[in-house]
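The values are calculated or read from the model by the stated rules, or taken from the named source; none is laboratory data. Owing to the predicted nature of the structure, the values given are computational and were not obtained by experimental measurement. Cβ coordinates were reconstructed from backbone atoms using ideal geometry, including for glycine residues, and neighbour counts include every protein chain displayed.
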Amino acid sequence: MRKSFVVWLGVAAVMFVVAPILVVRAPYESTMGLVQKIFYYHAPLGMMMFRSAFVSGIAAGIFIFNRRAAADRVSLAAAEITVLFGSLVLITGPMWARKAWGVWWQWDARLTSSLLLWMIFVAYLLVRRYGGPGSDKLSAAVALFGMANVPFVYVSVNVWRTLHPKTSVVPTLQPGMREVFWFCVAAFAVLYGVLLALRVRLATQQAEVERLYLELDDQSELS
Amino acid sequence: MKTRNGVRRCAMSLLLVGLLASAAPALALSAQQPGSQTEAAREGYVPVKDLPPAEQLPAAPLVLGAYALIWVGVLVYVWSISRRLASVDRELVALRRMVDTRR
């Protein structure tokens, strides 16, 4: 494990120690009160889910057109993290909604399209796991499809009538809330980078194992 | 390889400690919940904050639950990757030894 990686892991850990302290000290939102504080983790997780879907889609595109195995590994790693972050977004969102809206779930455009995005990347992992030979190319196409869905999820709150807060909430955050929010975004961005690096390393090692098995097979055939 | 595993284990522990330590200040959130407001219900629309305490849904368990879920989710994922990495590393060492002895 490289030294820089350990340093970034330490930075992520420190940021996640500081973030809740800042969240506790942040001012209360006047209408929602305490439950609004879920926003400081929920929204950055959503942003990182979008980012991860883009990373997976772009890497999948590179793999499809240039046949670079490294790009495929990045796409797989990012898809897995998209599912992780997506799961957390889809769980924490309803926890906020239960208090703010009075219901756990509403089939509105933002929630439904987010669920769809998450399901696309779950499909990616399922294709990858059970698709057999050629599943890498098939799953790359699924990742491209998932990436194409991201802009629709983002603008859904502005285009359709939804219960979910609009995209204008973040740019209009009050001082005191704004700094805390962007600190949490930075913490999740660092965490995302660390997790992606870890997962790519795992995929690289797995590829090396496969290569060595093939080499062993070749040696047995020769002897 | 042993040193690399040691560094990895150390790094994982660092992240674990960081995430767990961050759970402590979050407990303070529950203590900060603003006092329930019991204004008389107006005609028609009644803001949630003006409902009597018995009808209000406490926010603290939802906030703490959300934060705890995120930390647990991330920790489980980090643990899962580190376990898979350790297993693949062991397999790699064994395979390299086999390839070298056959050469």
* Structure fact -> When segment A:58-105 is checked residue by residue, the ones that are closer than 18 Å to B:ALA68 by Cβ and outside any helix (DSSP H, G or I) are A:TRP104
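What do you reckon, is B:LEU62 at pLDDT below 90, at negative phi and either touching a Leu at 6+ places or on another chain (Cβ under 6 Å) or facing another protein chain (nearest Cβ under 7 Å) (or both)?
Yes; evaluated as a whole, the condition is true for this residue.
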* Asked: How about segment A:84-122: which of its residues are more than 15 Å from A:ALA43 (Cα to Cα) and either hydroxyl-bearing (Ser, Thr, Tyr) or crowded, with 18+ Cβ neighbours inside 10 Å (or both)?
  -> A:LYS99, A:ALA100, A:ALA109, A:THR112, A:SER113, A:LEU117, A:TRP118, A:ILE120, A:PHE121
* To do: Working only within segment A:5-38, note down all residues that are part of a helix (DSSP H, G or I), in contact with a Phe, Trp or Tyr (Cβ under 9 Å, 6 or more places away or on another chain) and more than 7 Å from chain B (Cβ to nearest Cβ).
  => A:MET15, A:VAL18, A:LEU22, A:VAL23, A:GLN36
* For A:GLN174, all conditions in the list (1) closer than 23 Å to A:LEU22 by Cα; (2) over 23 Å from the mean Cα position of the chain (by Cα); (3) free of Cβ contacts under 8 Å to residues at least 12 places away in the same chain hold save one; what is the number of the exception? -> (3)
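Going by the conditions given, is A:ARG68 within 21 Å of A:LEU198 (Cβ to Cβ), at pLDDT below 95 and among the basic types (Lys, Arg)?
Spelling it out, A:ARG68 is indeed within 21 Å of A:LEU198 (Cβ to Cβ), at pLDDT below 95 and among the basic types (Lys, Arg).
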* Structure fact -> Checking A:ASP108, A:ASP136 in turn, the sole residue that is within 20 Å of A:VAL83 (Cα to Cα) and of a type in the set (D, E, K, R) turns out to be A:ASP136
